[in-house]
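What follows is a set of notes on a single structure, which appears directly below.
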Amino acid sequence: MRVPVGLNVWSRLVETTFPYLDRTAAPFDSLWFPDHVQYGSHNVAEGWSLLTWALARYPDKLCGHEVLCNSFRNPAHLAKMSATVQALSRGRFVLGIGAGWNGEEYRAYNWPFPPAPVRIAQLGEAIELIRAMWSGAPAHYKGEHYAIDGAYCEPRPDPVPKIMVGGHGERYLLRVVAQHADWWNYPFRGFETYARKQEALKQHCRDVGRDYDEIQQIVRVGILIGENERQVAWIKARPETRPDIHLVGTPDQITETLLGIVARGAKMLTVNFADVPHPEGTWLFAATVLPSLRDV
């Protein structure tokens, strides 16, 4: 089995995003972008702008977000935006979407920031509305949070994009995955946690009458890779190295963990690297780890 592997980039790269991708994207099956607008005063790139640029720049790549914040855009408008990029890209778009979490952004941009259960309920309704617009015309939908009346989304997307829901909240978010998602995007935090989240999703699938196995699991892994332990330590100590990385090691160690994730049920991996925008870690991964994922 060949395991598809996508490359994820950091919102803070901004103008270095595409010079980095130009040097690193070729061996990867897909490209994945963040959706944030603010982290204090740091430079941050807006997610939809990154996506549209990438779809045009890399015509052989599947592209999506890990993941869009539902609160940032009207879902009917998002359905139309998605249909347009699906037509322009000839079917290379995946709608990755989540409930949002970073209260700083909401407050700064004056978006309502209701409690997590409400944001997750809004996410579920948004997906229902988007599917209604993609499947019928004129489309009608009325929920507690969103409504449309006689909405057209022409041309409707063909093929219909996969909807990938990101997150891992066991009580509410994974129920939305069970109800609505084609794909589930999970940020890896260790095998024990991953197994617990899978069991929670299985229970939600039983509760709503969904086949757990028809939901494809897309696992996102942050990686710091070096040729040996000494190089790993050197990269880790550099002040510009990204700190929020959960998988650190040599090629053999990284390979062992990723194969374990696949054995637990992941159908696709997406990876981001601690040393971006430097390309060396990405190159090392492509040369030493990717071949082991091409024939699992």
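The values are calculated or read from the model by the stated rules, or taken from the named source; none is laboratory data. The structure displayed is predicted, hence computed values, not measured ones. Here the Cβ is made from the backbone with ideal geometry for all residues, glycine too, and neighbour counts use every protein chain on show.
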With GLY47, GLY6 as the choices, which residue is small (Gly, Ala, Ser) and touching a His at 6+ places or on another chain (Cβ under 6 Å)? GLY47
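Let's see how each residue does on (1) under 30 Å from VAL177 (Cβ atoms); (2) surrounded by 16 or more Cβ atoms within 10 Å (Cβ to Cβ):
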{"site": "ALA237", "(1), (2)": "no, no"}
{"site": "THR250", "(1), (2)": "no, yes"}
{"site": "ARG264", "(1), (2)": "yes, no"}
{"site": "TRP283", "(1), (2)": "no, no"}
Criterion (within 15 Å of the chain's Cα centre (by Cα) and of a type in the set (A, V, I, L, M, F, W, C)) met by exactly one of TRP134, TRP101, TRP53: TRP101
For HIS77, indicate whether it is more than 23 Å from LEU269 (Cβ to Cβ) and free of Cβ contacts under 8 Å to residues at least 24 places away in the same chain. yes
Return yes when ASN43 is more than 22 Å from ALA139 (Cβ to Cβ) and surrounded by fewer than 21 Cβ atoms within 10 Å (Cβ to Cβ) and no when it is not. yes
With the requirement that a residue be farther than 19 Å from GLN86 by Cα and crowded, with 17+ Cβ neighbours inside 10 Å, what does region 147-172 give you? ILE148, GLY166, GLY167, HIS168, GLY169, TYR172
Return the pair list, or none, for Cβ contacts closer than 9 Å from residues in region 95-120 that are more than 28 Å from CYS63 (Cα to Cα) and modelled with pLDDT of 95 or more to residues that are among the hydroxyl-bearing types (Ser, Thr, Tyr) and in a loop (DSSP other than H, G, I, E, B), at least 6 apart or on different chains. PRO117/TYR172
Regarding GLY136, is this residue surrounded by fewer than 20 Cβ atoms within 10 Å (Cβ to Cβ) and in contact with a helix residue (DSSP H, G or I) (Cβ under 7 Å, 6 or more places away or on another chain)? no
Scan region 1-40 residue by residue and report those that are surrounded by fewer than 19 Cβ atoms within 10 Å (Cβ to Cβ) and assigned to a helix (DSSP H, G or I). ARG12, VAL14, GLU15, THR16, PHE18, PRO19, ASP22, ARG23
For region 137-188, which residues satisfy the criterion of being of a type in the set (A, V, I, L, M), assigned to a loop (DSSP other than H, G, I, E, B), over 15 Å from the mean Cα position of the chain (by Cα) and closer than 30 Å to GLN198 by Cβ? VAL160
If we scan region 193-216, do we find a residue that is free of Cβ contacts under 8 Å to residues at least 60 places away in the same chain, assigned to a helix (DSSP H, G or I) and of a type in the set (S, T, N, Q)? yes
Which one of THR255, THR270 is touching a residue at least 40 places away in the same chain (Cβ under 8 Å), closer than 17 Å to PHE28 by Cα and among the hydroxyl-bearing types (Ser, Thr, Tyr)? THR270
Region 56-79, subset under 17 Å from the mean Cα position of the chain (by Cα) and in a helix (DSSP H, G or I), residue nearest to ALA139 (Cα to Cα): LEU78
Restricting attention to region 82-120, report how many residues are surrounded by fewer than 18 Cβ atoms within 10 Å (Cβ to Cβ) and not in a loop (DSSP other than H, G, I, E, B). 11
Which of the following residues is β-branched (Val, Ile, Thr), out of contact with any His (no Cβ under 8 Å at 6 or more places or on another chain), within 30 Å of LEU95 (Cα to Cα) and at pLDDT below 95: ILE215, ILE225, ILE245? ILE245
